[in-house]
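Before any comments, here is the structure.
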């Protein structure tokens, strides 16, 4: 009699468990939706989002839209080559066709903000569905340093990268893996940001080379099956590439990754050939890479949280890192003790960690903050390794803690955005004192307020160009941008220095080939060549560099009619604006506007 009731009891318990899991999933979905709306509030509550590089991106979209109407064609040329780091430009240009550039920019920023936690939930669910609550770790990371710096393409690349990793992991041992879909997502990652694509490619290759679990119980594809071995299985072939019953094995997974990466790799190879042989698209900068010290890289652990209010954000960041570190230590202990299937995910954060300590800071021909960008990939890929409580009360306590930290973090961001927006309105009023279509030079004043690790008004001058056209020398026209200057406009120079000012301040420089300067010229900049291997030369700076005063030459004075900036004048700038050539005509808060005196005289007449 009791044996007859066992199936009924089992069915009842199974139904109750499914019901509890369904209720938990609905609760998490509702909380995630509310937090997503809350995350968007600071962005849409202000007119001028205080992201450092963001205004310059908006100006680039404005140039593309009004290339012929505003006279930009005489200063810029458009590149029709499908470059990496182009996704944000394509999205904003398309959206700006039906709305304003400012609204288009906010929509793209919203996609980045909401896409990050959504993709983290997708990745965690793909790796281990029982760890879904860990997805809430993404919300306190949404307004990170990279987003505050205005790295729009990079912010878009992170959700796409996590989707690519989750898609591959979910179908890694399928009889017909979605290679075409994965190749499409990887192509989007490439068009969003090239560094993110390289990081994801390395992670996928590392994951494909290790044994993987073939079911939810953690059995490895490389572990012996309980079924008797056939003669072919006992032939002694490497178990790593053989795989378990019904699984394609590591070799098949590796070829699947290679097939998914191949279209993007071929596209980049074709791009390099085109840029090499095209007289208009050839990169002008040689291969030079800047490196930071190991100590400088270690600081990234906490600085990913620091934007405008370091004191408050430091506390929040420490709490998030402490909670994550405790759960990570417990999760690693579980991996060592139980050797469950999640150990196959361990190469993902390890590969990202290697890149954090191997990649350069950047290059004059491309992006800066290269290794810093891989650090957040390390944090996000480590999330599936964290231990997630199994008891319902403990899981709810974890989610409640993360929700509270998200609300606190968002409140801090909201307060910062509102405060900075009031300053931005005053600065914008000063910019509107300039007549339309003028040549202006933005002075990079020293900050007089503790804005943290972000300078929200460094590129704010670009809002003048959005409203009234004109030209200035600091539009973003790197190798991977769709616009380039026909001729570089006058800029300050470093007197008596053969190398650019940026080279003077780098602790380490690696050149491939002859470089820009001879070794004795680098020596004049304080750099000493430490190692030379074939075409590679490695320079090190033995002592901290002193700041080099910039020189504003005659061409500079005769070209720019207006100087704008926010903050406190640097000595070289003070010599210019307080000299006989310029006069201040407007100021508000700490924003300043100077006009060249002949122009002022013509306006008075």
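The values are calculated or read from the model by the stated rules, or taken from the named source; none is laboratory data. All values derive from a computational prediction rather than experimental measurement. Because the Cβ atoms are built from the backbone with ideal geometry, glycine has one as well, and the counts that use them run over all protein chains shown.
Remarks
- Restricting the first member to the stretch 420-436 and to residues that are under 11 Å from residue 50 (Cα atoms), and the second to residues that are outside any helix (DSSP H, G or I), the beta-carbon pairs closer than 6 Å and six or more apart or on different chains are 420/50; 420/456; 421/46; 421/48; 423/589; 424/48.
- The listed residues are 441, 463, 368, and the only one of them that is touching a strand residue (DSSP E or B) at 6+ places or on another chain (Cβ under 7 Å), outside any loop (DSSP other than H, G, I, E, B) and over 21 Å from residue 128 (Cβ atoms) turns out to be 441.
- Selection within the stretch 115-128: residues that are in contact (Cβ under 8 Å) with a residue 60 or more places away in the chain and more than 17 Å from residue 36 (Cα to Cα). The member of this set that is surrounded by the most Cβ atoms within 10 Å (Cβ to Cβ) is 123.
- Test: residue 60 is in contact with a strand residue (DSSP E or B) (Cβ under 9 Å, 6 or more places away or on another chain), in contact (Cβ under 8 Å) with a residue 40 or more places away in the chain and crowded, with 22+ Cβ neighbours inside 10 Å: yes
- Selection count where residues are in a loop (DSSP other than H, G, I, E, B) and in contact with a strand residue (DSSP E or B) (Cβ under 8 Å, 6 or more places away or on another chain), scope the stretch 63-86: 3
- Count of residues meeting criterion [without any contact (Cβ under 8 Å) to a residue 40 or more places away in the chain and surrounded by 17 or more Cβ atoms within 10 Å (Cβ to Cβ)] in the stretch 324-345: 1
- Residue in the stretch 178-188 that is at pLDDT below 95 and either closer than 26 Å to residue 379 by Cα or in a loop (DSSP other than H, G, I, E, B) (or both) present: yes
- Residue 317 assigned to a helix (DSSP H, G or I), modelled with pLDDT of 75 or more, farther than 30 Å from residue 457 by Cα and out of contact with any strand residue (DSSP E or B) (no Cβ under 9 Å at 6 or more places or on another chain): no
- Lone unmet requirement of (1) in a loop (DSSP other than H, G, I, E, B); (2) in contact with a strand residue (DSSP E or B) (Cβ under 8 Å, 6 or more places away or on another chain); (3) at pLDDT 70 or above for residue 288: (1)
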